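Read through the structure below, which is laid out as structure tokens, and then see the notes.
The values are calculated or read from the model by the stated rules, or taken from the named source; none is laboratory data. These figures come from a predicted structure and were not determined experimentally. No Cβ is skipped: glycine too gets one built from the backbone with ideal geometry, and neighbour counts run over all protein chains shown.
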Amino acid sequence: MRGLRTVIVVVDDNSGDGTSEIVRRLMGEYGNIRLIEREGKLGLGSALTEGFEEALKMKPVPDFIVSMDGDLSHDPYEIPGLVRSCDNCAMSIGSRYVEGGEVQGWTMWRRAVSVGANLLARYLGGLPVRDCTSGFRCYSSDLVKDLIGSVTREGFDFQIDTLMNAVRKGYEVREYPISFRDREAGESKLGLGEYLNFLILVFSRLRF
């Protein structure tokens, strides 16, 4: 956004596609990029946690922290709108399932799995949003400070855990419509184990 200082933090889990080399080259051209290199695939949740911790070390601490995938499934040009929608609330979720949101390039099976997972999270977990699993989010730094010690999930279920914790602590959460494009190269990191962990988390948080 114009007039705001932006810092990009890239967390790379020893990927074999040259990500770290590209980022280091860009760091030489731009002064606002930071790289966190890890020895192996340690999980989405732990990657986000390290990125959040890096953001909170900055001086001054940023007002907003945006998380997104690095495969261009999330459009960087939608970041300003997502940040604006987070003004005066704690979290804004880039949503595929609100009016104006869409998904491009998914098979019917992939779409059905995503919709089913979100229905489970929404109704069984008591979450007031339609796209509970989206990783394209804007957080207020105050929310990140409050949650960073209480969320321990290291995989895909980290997204649900942060959302559940935020809602149950009384923070306001909004949704902002985005266009999600399926990756053009590579494979999804979500396997059967990730979905099982997601189900365990949702059922463990049922409201009785």
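Working only within region 98-124, note down all residues that are crowded, with 21+ Cβ neighbours inside 10 Å and touching a helix residue (DSSP H, G or I) at 6+ places or on another chain (Cβ under 8 Å).
Filtering region 98-124 down to residues crowded, with 21+ Cβ neighbours inside 10 Å leaves 118, 121.
Passing the criteria: only 121.
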Residue in region 49-60 that is of a type outside the set (Ser, Thr, Tyr), surrounded by fewer than 18 Cβ atoms within 10 Å (Cβ to Cβ), touching a residue at least 12 places away in the same chain (Cβ under 8 Å) and not in a helix (DSSP H, G or I) present: yes
Qualifying residue in region 17-29 (condition: assigned to a loop (DSSP other than H, G, I, E, B), on the phi > 0 side of the Ramachandran plot and within 14 Å of the chain's Cα centre (by Cα)): no
Whichever residue in region 148-164 is under 16 Å from residue 44 (Cα atoms) and hydrophobic (A, V, I, L, M, F, W, C) and, among such residues, is modelled with the highest pLDDT: 163
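Check region 12-19 and report whether any residue there is touching a Phe, Trp or Tyr at 6+ places or on another chain (Cβ under 9 Å) and either buried (at least 17 other Cβ atoms within 10 Å of the Cβ) or at pLDDT 95 or above (or both). Step through it out loud before you land on a result.
Quick first cut of region 12-19, residues touching a Phe, Trp or Tyr at 6+ places or on another chain (Cβ under 9 Å) only: none.
No, region 12-19 contains no residue that is touching a Phe, Trp or Tyr at 6+ places or on another chain (Cβ under 9 Å) and either buried (at least 17 other Cβ atoms within 10 Å of the Cβ) or at pLDDT 95 or above (or both).
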Residue count for region 80-110, restricted to those that are under 23 Å from residue 164 (Cα atoms) and outside any loop (DSSP other than H, G, I, E, B): 9
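Looking only at region 108-164, count every residue that is acidic (Asp, Glu) and free of Cβ contacts under 8 Å to residues at least 60 places away in the same chain and tell me the total.
Pass one, region 108-164, residues acidic (Asp, Glu): 131, 142, 146, 154, 157, 161.
The next check asks that each one be free of Cβ contacts under 8 Å to residues at least 60 places away in the same chain; those that pass are 131, 142, 146.
Number of matching residues: 3.
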Extreme residue, farthest from residue 121 (Cα to Cα), among residues of region 167-188 that are aliphatic (A, V, I, L, M) and at pLDDT 95 or above: 178
Residue in region 1-48 that is nearest to residue 144 (Cα to Cα), counting only those that are without any contact (Cβ under 8 Å) to a residue 24 or more places away in the chain and hydrophobic (A, V, I, L, M, F, W, C): 4
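Taking region 50-78 as the search range and keeping residues that are among the aliphatic types (A, V, I, L, M) and within 20 Å of residue 166 (Cβ to Cβ), which one is farthest from the chain's Cα centre (by Cα)? Show your work before the answer.
Step one: list which residues in region 50-78 are among the aliphatic types (A, V, I, L, M), which gives 55-56, 58, 61, 65-66, 68, 72.
Retained after the next criterion (residues that are within 20 Å of residue 166 (Cβ to Cβ)): 55-56, 61, 65-66, 68.
Working: 55: 14, 56: 16, 61: 19, 65: 10, 66: 8, 68: 5 Å.
This residue is 61.
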Which listed residue is out of contact with any Phe, Trp or Tyr (no Cβ under 7 Å at 6 or more places or on another chain), part of a strand (DSSP E or B) and among the aliphatic types (A, V, I, L, M), from 115, 66: 66
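Working carefully through the options 92, 140, find the one that is of a type in the set (Gly, Ala, Ser), buried (at least 21 other Cβ atoms within 10 Å of the Cβ), closer than 29 Å to residue 53 by Cα and in contact with a helix residue (DSSP H, G or I) (Cβ under 6 Å, 6 or more places away or on another chain).
None of the other options fit; the residue is 92.
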